[in-house]
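J.: One structure coming up, written as structure tokens, with questions to follow.
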Ligand code: FAD
């Protein structure tokens, strides 16, 4: 029990730190610090593309995230959009096996909905010319409905867009049905949400997670199963075998720098595997959420601080 309380406290602390605006802003000037280097693929497009091509050579595709969130100035949102357009061009020029992940708050959702919609449409249109898929990451519950509205609007014209379903939310079951024609990433959920909207109990979240994955594998277009949990992965392997689900209907996804051996092993076994590759100077919030999920990731910090 005490261990459980301690993990809960640590999770809350890191989530709290991830949302600290002053630290988010200051960290942009620090360069990759605190061990972030092992889970963030550099700060430039050049460094990121090198990591992507290295992973492609191992049979692994990538989804690239130009890190950034909680943007409140139009200039900053336009800068982020411009950078994402550069990433699309770089993927095309290098013929990399990769697509894009982005966060709506990075391209202006907290500034103005229509401004964000214009930015997102421009990105999706540029990507559609090169047949590149855009995944809209799901942030906290406060942004969820607007994120779905953005996607539904853009989807009317382009089909290279999809999003994320978070299993900790009560409404996930309804949402997955609404989005069954879309390519979806299914995750447990990384933010701290109230008991009014989300399961708090790990067992309930895990159960719902498997249920949603199975639903989309059976009824959906394409499923990205994004987890580091080997129990979930083994369950999915068995489920797709028993239900004759074709290998090109799903993929496993993990974050850059985590469980590298398992990433490679799954690719070797012939499963589609996609690594989520974050890069850029706005790494702080992302890194703090990784520590919140798994306090053992603090080892990454210790290793890098002491092996400097
Ligand atoms: P956990 O439940 O944290 O771990 C379960 C078990 O797996 C652990 O007990 C341990 O046995 C094992 N394990 C886990 N990690 C390791 C490790 N590094 N080494 C050894 N064993 C390990 N969340 C969002 O809210 N929105 C998003 O858009 C989003 N996108 C994501 C994209 C990707 C590719 C991934 C992988 C995650 C994403 N998440 C997102 C985060 C997600 O919601 C979870 O918070 C996160 O994945 C932790 O849950 P888990 O299922 O991976 O494993």
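The values are calculated or read from the model by the stated rules, or taken from the named source; none is laboratory data. Nothing here was measured: the structure is a model prediction, and the numbers come from that model. Here the Cβ positions follow ideal geometry from the backbone for every residue, glycine too, while neighbour counts run over all protein chains shown.
J.: Output the number of the condition that residue 105 fails; it satisfies all remaining conditions of (1) away from the ligand (no atom under 15 Å from the Cβ); (2) within 24 Å of residue 289 (Cα to Cα); (3) buried (at least 16 other Cβ atoms within 10 Å of the Cβ).
T.: Result: residue 105 fails condition (1) only.
J.: I would also like to ask the following. Considering only segment 69-86, state which residues are within 11 Å of residue 108 (Cβ to Cβ) and crowded, with 18+ Cβ neighbours inside 10 Å.
T.: Correct list: 71, 77, 80, 81.
J.: Mind checking whether some residue in segment 120-129 is out of contact with any strand residue (DSSP E or B) (no Cβ under 8 Å at 6 or more places or on another chain), in a loop (DSSP other than H, G, I, E, B) and in the same structural domain as residue 235 (by TED's automatic domain parsing)? Even if it seems obvious, please write down each step before you answer.
T.: The first filter runs over segment 120-129 and keeps only residues out of contact with any strand residue (DSSP E or B) (no Cβ under 8 Å at 6 or more places or on another chain), leaving 121-122, 125-126, 128-129.
When the remaining residues are screened for being in a loop (DSSP other than H, G, I, E, B), the result is none.
No; the residues of segment 120-129 include none that is out of contact with any strand residue (DSSP E or B) (no Cβ under 8 Å at 6 or more places or on another chain), in a loop (DSSP other than H, G, I, E, B) and in the same structural domain as residue 235 (by TED's automatic domain parsing).
J.: Of the conditions (1) more than 16 Å from the ligand (Cβ to nearest atom); (2) closer than 25 Å to residue 189 by Cβ; (3) in contact with a strand residue (DSSP E or B) (Cβ under 7 Å, 6 or more places away or on another chain), residue 152 clears all except one; give me its number.
T.: (3)
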